[in-house]
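Let me begin by presenting the structure, written as structure tokens, before commenting on it.
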Amino acid sequence: YANSGYFYMYGHYYAALVIEKLPSKERAKLWPRLEHEIIKLQEKDGSLWDYDMHHYDRPYAVSFAIMALKRSLDDHEAQAMMHKDAEE
């Protein structure tokens, strides 16, 4: 555990990579859960981190969080565009 400060946020990023590979219905169920798990770690200053022993991990924790959330947002946007095109 002493060296695992970044594993938690990396795991969420890895989960985002895996979710991207799933069928649309599965992604729609899992993205909100992943988003919640990431956003609940946000501090008042906007940073995200999960390792109380050090403050130097904030930059990469924020980076992993942003990369995961970006994938989620991109998928939400793509799904919205597909629904919009289907309605037209």
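Which residue pairs have Cβ atoms closer than 6 Å, lie 6 or more positions apart in sequence or on different chains, and pair a first residue in region 19-32 that is farther than 12 Å from His76 by Cα with a second residue that is among the small types (Gly, Ala, Ser) and part of a helix (DSSP H, G or I)?
Note: no pairs meet the criteria.
So is Leu73 of a type outside the set (Lys, Arg), within 17 Å of the chain's Cα centre (by Cα) and open to solvent by 60 Å² or more (accessible area, probe 1.4 Å) or not?
Criteria met by Leu73.
Yes/no per residue for (1) in contact with a Ser or Thr (Cβ under 9 Å, 6 or more places away or on another chain); (2) loosely packed, with under 15 Cβ neighbours inside 10 Å; (3) modelled with pLDDT of 85 or more:
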| position | (1), (2), (3) |
| --- | --- |
| Ala28 | no, yes, yes |
| His36 | no, yes, yes |
| His54 | no, yes, no |
| Asp57 | no, no, no |
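Using the structure shown, decide if Ser47 is polar (S, T, N, Q), out of contact with any His (no Cβ under 6 Å at 6 or more places or on another chain), surrounded by 11 or more Cβ atoms within 10 Å (Cβ to Cβ) and at pLDDT below 90.
The answer is yes for Ser47.
The values are calculated or read from the model by the stated rules, or taken from the named source; none is laboratory data. The structure presented is a predicted model; accordingly, all values stated were derived computationally and were not measured. Cβ atoms come from the backbone with ideal geometry, glycine included; neighbour counts cover every protein chain shown. Please note that ligands, DNA and RNA were not included when accessible areas were found on the heavy atoms of the full protein model with its side chains. Shrake-Rupley method; radii C 1.70, N 1.55, O 1.52, S 1.80 Å.
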